[in-house]
Amino acid sequence: IYQVNETTWDSVWKTIEADCSFLTEWGFQTLKDGLKKSVKSIVLEPHYLCKDHRNLYSNYYSKKFIDSSPYASRLHFFSSPDLKIPELLLFPDNYRPSYIGYAVIRPVVDRCVGRTIIDPMQLSTTDKSNFFCLRTEFRAHIGGNRFLVRGYPYISQDGDVTVCAHTSLWGVCRYLSERYTVYKEVYPFDLINLTEHSEGRTFPYRGMTYSDYSSILSGFGTFPIVLRLKDHTGKMYPSEHRQLYTYIESGFPVVGSLPGHVVTIIGHTMDLQQNPTPDSDGLIDSSEFNNQYIVVDDNYFPYQLLGKPDDPNNYSSFSKDDLKTGVCPLPEKVFLPADSAKSWALAWMNVHRKDLESTGAGPFVTRLFLTSNSSFKGRCLQRSVQDANIDAVSYYISGINLPHFIWVMEVGPLDLYRQGKCTAEIVLDSTASDIERAIIYMRFGNSIILGGQTLVSKDSPVAYPQYTHNLGEK
């Protein structure tokens with residue numbers, strides 16, 4: 001165990017580097033810089049059997065002439081100062097709240113950081129009021145005691161058998177399998193076996209394209225959609241970028257292609273003080289407030305920021321404008337893509353424009369997202385009893401028969417959107433096709449239009465809280 005503070009930070013990490021023989025200079029620098037000012041105690045687990053490294057060892061490293069080890073080490077990070085091993089083992093409840101996460105250190109030549117889960121909300125560099133990213137719960141055991149950490153899975157490429165595309169796809173698959181029981185757990189070499197062989201052998205190294213990503217994610221059990229964000233001349237497609245934002249806002253990780261590189265987009269930050277110009281209908285798409293994407297890049301510590309070209313906080317020379325394609329793994333029962341859902345919602349909203357304008361003054365902000373009916377209904381029940389008066393409309397919605405997944409477009413005046421509120425919502429059937437009537441119901445203030453009938457509850461509020469859950473919000 002190692003105690004660290006700002007004064008001893010560099011010297012203690014040098015000691016860790018000496019004690020942990022698998023820790024390379026790259027891994028040492030990446031972890032040391034990424035965790036600075038967040039960690040007070042570090043526990044080294046020197047002899048650790050990592051299922052992901054063992055998978056690569058069995059299928060690749062054990063076949064090489066150069067000897068390698070099937071074992072790894074693991075570092076655990078705590079924000080508690082002066083942590084002692086006996087207290088940690090005997091009284092683990094005292095230290096579970098301060099557990100930041102762990103990093104597996106693999107015996108490879110350079111990129112030694114293996115399976116890593118860090119809670120971004122426990123990092124000192126995170127702006128917790130404006131940081132919305134995918135997280136799910138992972139378990140780790142120290143001396144038989146279970147510790148939980150919420151984060152997004154990260155792994156670096158080893159540069160030998162796995163490349164950046166493999167690490168990105170591994171993160172997507174591991175996140176989904178950990179969060180949803182419908183997906184089985186896959187290991188790094190499984191992704192190599194899922195790669196198409198039409199371009200030749202799949203390892204030790206071969207470049208990959210978005211068609212490979214789509215094929216692998218299909219083999220994993222998802223139903224990916226491919227967004228082409230630029231044409232061959234570099235011209236950007238704004239509508240595709242808006243769809244990209246919509247899928248991220250819906251809580252889906254997106255495999256994003258950059259020139260010669262691949263990252264995973266797992267969230268965003270927002271700048272609600274912007275004043276974007278409304279379109280001809282007096283509407284502002286919520287993507288206009290998107291400030292930066294939160295990405296996982298295997299060359300860097302996780303949770304990096306990718307903004308506009310002039311953003312000083314960009315983690316590298318890349319910017320959002322460099323994204324060429326995005327591959328999003330959707331569930332099976334989502335047949336209606338984002339662009340079609342938006343067209344349907346806007347068309348029906350324009351038919352009832354007077355109902356919308358009765359709820360407030362424009363410009364209006366539209367926010368489109370996909371979610372499950374159970375999560376949405378749960379939030380409807382929560383907001384139905386938030387105030388002294390019962391929101392009868394929200395309560396009524398919680399009892400409507402809905403498909404497994406629904407598209408929701410929330411609409412509200414700009415000033416209310418900045419306060420996290422809306423005044424209208426249009427809900428669509430995600431299993432509908434372009435030629436079917438996708439609309440399920442519309443809410444405008446304290447009224448709801450369902451099946452050709454309008455129901456009004458005068459005691460219900462005109463403005464109500466936005467749905468916030470897909471990206472880990474409370």
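Rounded, prolate or oblate: which fits region 389-474 when a ≥ b ≥ c are the square roots of the eigenvalues of the alpha-carbon gyration tensor, with rounded for a/c under 1.5 and prolate only if a/b beats b/c?
Working: a/c = 1.72, a/b = 1.21, b/c = 1.41.
Oblate.
Which distance in Å, rounded to a whole number, links the C-alpha centroids of region 73-151 and region 212-244?
33
Pairs LYS32/LYS320; LYS333/LYS421; LYS40/LYS84; LYS14/LYS40; LYS128/LYS377: which exceed 18 Å Cα-Cα? Mind showing how you got there, number by number?
Working: LYS32/LYS320 27 Å; LYS333/LYS421 29 Å; LYS40/LYS84 12 Å; LYS14/LYS40 15 Å; LYS128/LYS377 27 Å.
Beyond 18 Å between Cα atoms: LYS32/LYS320; LYS333/LYS421; LYS128/LYS377.
Which of the listed residues, PHE252, CYS133, ASN59, is farthest toward the dipole's positive end in the chain, when Lys, Arg count +1 and Asp, Glu count -1 at the beta-carbon?
Positive-end residue among those listed: ASN59.
Over all alpha-carbon pairs of region 321-369, lay out the pair-distance distribution in 5 Å bins, whole %, shortest bin first.
Per 5 Å bin, starting at zero, the Cα-Cα P(r) for region 321-369 comes out as 4, 14, 19, 19, 16, 11, 10, 7, 0 percent.
Along each principal axis of its Cα atoms, how long is region 1-123 end to end? Whole angstroms, biggest number first, please.
Here the Cα extents, ordered largest to smallest, are 45, 29, 26 Å.
Beyond 41 Å, what share of the Cα-Cα pairs of the chain remains, rounded to the nearest whole percent? Intermediate results must be reported in sequence, preceding the final value.
On the way: 27172 of 112101 pairs.
Result: 24 percent of Cα pairs exceed 41 Å.
How much accessible surface area, in Å² rounded to 10, belongs to the heavy atoms of THR246 with a 1.4 Å probe?
Per-residue accessible area (THR246): approximately 10 Å².
When the distances between all Cα atoms of region 1-69 are binned every 5 Å from zero, what whole-number percent does each bin get?
3, 14, 21, 20, 16, 11, 8, 5, 1
Under a Cβ-Cβ cut-off of 10 Å, what is the net charge of the residues other than ARG135 that fall near it, where Lys and Arg count +1 and Asp and Glu count -1?
On the way: positive: ARG150, ARG179; negative: ASP119, GLU137.
Local charge sum for ARG135: 0.
What accessible surface, in Å², does a 1.4 Å probe find on VAL163, ignoring ligands, DNA and RNA and rounding to the nearest 10?
10
Once amide H atoms are built 1.01 Å from N in the peptide plane, which residues 5 or more positions from ILE225, or in another chain, come under 5 Å H to H?
HN-HN under 5 Å from ILE225: CYS328, LEU330.
Over the chain, what relative contact order in percent results from Cα pairs under 8 Å that are six or more residues apart? Provide the component values of the computation, followed by the final result.
Values: 924 pairs, mean separation 49.8, N = 474.
Answer for the chain is 11 percent.
Can you give me the pair-distance distribution of region 303-428, C-alpha pairs, 5 Å bins, whole percents?
P(r) for region 303-428, in whole percents per bin: 2, 9, 14, 15, 18, 16, 12, 8, 5, 1, 0.
If R₀ is 22 angstrom, what is the calculated FRET efficiency for the pair THR454 and VAL385, using the beta carbon separation as r and rounding to 0.05?
On the way: r = 24 Å, r/R0 = 1.09.
The pair THR454/VAL385 has a calculated efficiency of 0.40.
With r defined as the distance between the Cβ atoms of MET236 and GLU185 and R0 fixed at 51 Å, what FRET efficiency is calculated, to the nearest 0.05?
Using R0 = 51 Å, I get an efficiency of 0.90.
Report, in deg cm²/dmol and to the nearest 500, the calculated mean residue ellipticity at 222 nm for the chain, where each DSSP H run with n ≥ 4 adds -39500 (n - 2.57) and the sum is divided by the residue count.
Numbers: 13 runs with 123 residues, N = 474.
Value at 222 nm, helices only: -7500 deg cm²/dmol.
To the nearest 10 square angstrom, how much accessible area does LYS235 have with a 1.4 angstrom probe?
Using a 1.4 Å probe on the heavy atoms, I get roughly 130 Å².
If you take the Cα Rg of region 98-144 and divide it by 2.2 N^0.38 Å, with N the number of residues, what do you get? Let's see the in-between values first.
Numbers: Rg = 13.3 Å, N = 47, 2.2 N^0.38 = 9.5 Å.
Its radius of gyration relative to the 2.2 N^0.38 Å reference: 1.40.
Please work out whether region 346-393 counts as rounded, prolate or oblate from its C-alpha gyration tensor, where a ≥ b ≥ c are the square roots of the eigenvalues and a/c under 1.5 means rounded, while otherwise a/b larger than b/c means prolate and anything else oblate? Could you put the intermediate results ahead of the total?
Details: a/c = 2.51, a/b = 1.42, b/c = 1.76.
The shape class here is oblate.
Show me the three semi-axes of the equivalent ellipsoid for region 187-333, from the C-alpha gyration tensor (sqrt of 5 times each eigenvalue), largest first, rounded to whole Å.
Values: eigenvalues 168, 60, 41 Å².
Ellipsoid semi-axes (Å, largest first): 29, 17, 14.
May I ask for the percentage of alpha-carbon pairs in region 45-194 that lie more than 27 Å from each other? Display every interim value, and only then the final one.
Numbers: 3034 of 11175 pairs.
Of all Cα-Cα pairs in region 45-194, 27 percent lie more than 27 Å apart.
Please list, by residue number, every one of the chymotrypsin sites (Phe, Trp or Tyr not before Pro) in region 205-264 that is coil in DSSP and has at most 14 other beta-carbon atoms within 10 Å. Before the final figure, lay out each step's value.
Working: sites: TYR205, TYR210, TYR213, PHE220, TYR245, TYR247; in loops: TYR205.
Answer by residue number: TYR205.
The values are calculated or read from the model by the stated rules, or taken from the named source; none is laboratory data. Being a predicted model, the structure only gives us computed values, none of them experimental. We place every Cβ from the backbone using ideal geometry, glycine too, and count neighbours over all the protein chains shown. When the accessible area is computed, the model is the full protein with side chains, heavy atoms only, and any ligands, DNA or RNA have been set aside. Shrake-Rupley method; radii C 1.70, N 1.55, O 1.52, S 1.80 Å.
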